[in-house]
1. For residue A:124, indicate whether it is over 29 Å from residue A:251 (Cβ atoms) and modelled with pLDDT of 95 or more.
2. Tally time: how many residues in region A:7-61 are among the aliphatic types (A, V, I, L, M), under 15 Å from residue A:77 (Cβ atoms) and touching a Phe, Trp or Tyr at 6+ places or on another chain (Cβ under 6 Å)?
3. Take residues that are without any contact (Cβ under 8 Å) to a residue 12 or more places away in the chain and not assigned by TED's automatic domain parsing to the domain that holds residue A:337 and tell me which of the helices (runs of 4 or more DSSP H) falling wholly in region A:128-239 contain 3 or more.
4. Could you pull out the residue among A:192, A:226 that is at pLDDT 95 or above, buried (at least 22 other Cβ atoms within 10 Å of the Cβ) and of a type in the set (A, V, I, L, M, F, W, C)?
5. When you check residue A:288 against the structure, is it away from chain B (no Cβ under 14 Å) and surrounded by 18 or more Cβ atoms within 10 Å (Cβ to Cβ), yes or no?
6. Only residues that are outside any helix (DSSP H, G or I) and of a type in the set (Ser, Thr, Tyr): list them for region A:251-287, please.
7. Could you tell me whether any residue of region A:265-275 is more than 14 Å from chain B (Cβ to nearest Cβ), crowded, with 20+ Cβ neighbours inside 10 Å, touching a helix residue (DSSP H, G or I) at 6+ places or on another chain (Cβ under 6 Å) and within 30 Å of residue A:151 (Cβ to Cβ)?
Amino acid sequence: MVTERPTRNRLGQLTDALERAGVYGRGGAGFPTATKLRAVAAQRGRPIIVVNAAEGEPLSHKDRYLLTDRADTVLDGADAAAEALGANEIIIAIDQAMRVEADTIAKAAQARRGQHRRSLRTIVQIVPSGYITGQESALISALAGRAAKPTFTPPYPFERGLRGHPTLVSNTETYSQIGRVARGTYDGSRLVAVGGAVAEPGLMEIGSDTTMAGLLQGAGGLAEPVHGVLLGGYAGTWSRVADVTPLRLDEHSLRERQLTLGAGIVFFLGDSACPVAEVARVVSWMAEESAGQCGPCIHGLGAIAAALVELTARGDQFATYGQIRRWSGLIQKRGACAHPDGVARFVTTALDVFAAAFDDHARHGSCERCALSSALPTPRRRRDRNHSRAAAPRGRQSARWDLGGSR
Amino acid sequence: MNERLRVNPIDCVAHGMCAELIPERVTLDDWGYPIIESTPLGEELVDHARRAVAACPVFALRLERALQGTRSRE
């Protein structure tokens with residue numbers, strides 16, 4: 001009774017402020033953060049706060065930056081969410097490749113001990129690398145010591161998440177935004193990883209009125225002529241640069257055109273690369289990154305990847321080129337998560353934007369740039385290690401640092 | 001009451017019984033996995049749908065209450 005009323009007031013205050021500021025999830029789904037907080041609060045059971053720093057998208061590196069250079073805003077946001085929801089546990093889930101960042105945020109969290117109530121603990125937990133690890137329900141599974149694979153929904157994590165508790169899973173940048181709203185320093189800006197054929201690739205902070213032309217200028221302009229631009233990463237969409245240059249990059253304007261920056265990604269594919277080889281390589285990688293649970297994803301992504309690889313090797317000898325678009329349509333909305341939908345989007349927009357190059361490869365096979373092409377990163381995973389770890393009891397490898405609170 | 005068919009794609013292993021029993025709503029893709037037309041079932045199909053649900057060897061097929069504005073989230 002003593003804590004109930006202030007918590008309820010805090011929730012209202014925070015959600016009102018988030019709504020006024022127009023904060024939405026920065027992981028890619030773009031769901032309004034205030035609505036998500038309310039949905040968690042409406043459940044029975046004590047909520048758990050999860051900071052999703054399982055950054056599996058190879059083109060994104062904002063989590064690394066936020067966890068080190070803006071650790072305080074992230075922790076402010078997690079604390080504010082925990083206070084608003086009456087949570088006793090904040091879990092910062094970090095990709096195993098980010099040891100340094102994990103160390104930094106752990107130290108920052110430890111330094112704040114004593115600033116909040118004793119019953120609130122902050123825990124840094126390492127999760128296996130993987131594109132799919134960052135999917136909400138897969139992350140919950142990983143944190144619970146199971147394989148990092150999505151589960152069938154409902155129940156959603158906000159209803160029944162970690163250990164059955166209603167769980168607020170949000171992107172690292174989202175917590176940074178919540179933290180800035182709570183402190184009154186939010187200005188509507190967002191982080192965007194700008195990569196590929198620009199003079200100065202890297203992480204940029206853009207205002208809500210920034211256009212693609214402005215972003216390009218900020219990145220020093222194009223370094224060479226380009227085939228096209230990828231928005232939103234490996235689950236995103238390809239466009240012709242001229243088509244998107246005048247666009248404002250706020251999510252509202254983008255979504256009106258079926259576009260999104262996803263977790264905050266813009267990549268320009270230069271003419272020195274072969275778009276067909278790039279798309280084939282990324283889709284093959286995405287097929288491997290599938291959790292391998294759902295038939296349409298396993299077989300669909302496998303078939304699409306094989307057909308694309310065939311184009312870059314021998315041309316369309318097995319007459320599978322014409323099937324790619326149909327298969328992409330066939331797999332949509334048929335997985336437990338949106339992994340196949342993302343790949344379908346990536347592939348079909350590539351077929352549109354790079355139509356001439358695809359047709360050429362279908363007729364003549366590989367081009368002189370195919371073999372040299374590796375503009376888009378496809379990191380190798382230490383796969384067997386992840387698998388054995390999922391099966392093994394939680395031990396030394398599954399690092400988990402408890403940073404305070406009463407225990 | 002409006003009900004609709006839904007498959008749990010994690011559990012489904014492409015036995016294909018559902019497509020046999022209620023072809024009006026279930027067809028199979030290139031790999032034998034069900035493609036489900038998930039609009040609410042009319043009265044004439046509910047019994048067929050129930051039979052298909054009961055026949056699924058891995059209990060992957062289910063009947064769900066069709067909600068207006070069903071939420072979908074990534």
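The values are calculated or read from the model by the stated rules, or taken from the named source; none is laboratory data. Fair warning: this is a prediction, and the values are worked out from it, not measured in the lab. Quick reminder, even Gly has a Cβ in these numbers, built from the backbone with ideal geometry, and neighbours come from all protein chains shown.
1. Working: over 29 Å from residue A:251 (Cβ atoms): yes; modelled with pLDDT of 95 or more: yes.
So residue A:124 passes the test.
2. Within region A:7-61, residues that are among the aliphatic types (A, V, I, L, M), under 15 Å from residue A:77 (Cβ atoms) and touching a Phe, Trp or Tyr at 6+ places or on another chain (Cβ under 6 Å) number 3.
3. none
4. Values: A:226 fails: buried (at least 22 other Cβ atoms within 10 Å of the Cβ).
Going through A:192, A:226 in turn, just one is at pLDDT 95 or above, buried (at least 22 other Cβ atoms within 10 Å of the Cβ) and of a type in the set (A, V, I, L, M, F, W, C): A:192.
5. no
6. Within region A:251-287, A:260, A:272 meet the criteria.
7. Scanning region A:265-275 turns up at least one residue that is more than 14 Å from chain B (Cβ to nearest Cβ), crowded, with 20+ Cβ neighbours inside 10 Å, touching a helix residue (DSSP H, G or I) at 6+ places or on another chain (Cβ under 6 Å) and within 30 Å of residue A:151 (Cβ to Cβ).
A quick yes/no check of all residues on (1) buried (at least 23 other Cβ atoms within 10 Å of the Cβ); (2) of a type in the set (S, T, N, Q):
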site	(1), (2)
A:67	yes, no
A:77	yes, no
A:83	no, no
A:93	yes, no
A:101	yes, no
A:104	no, yes
A:114	no, no
A:118	no, no
A:125	no, yes
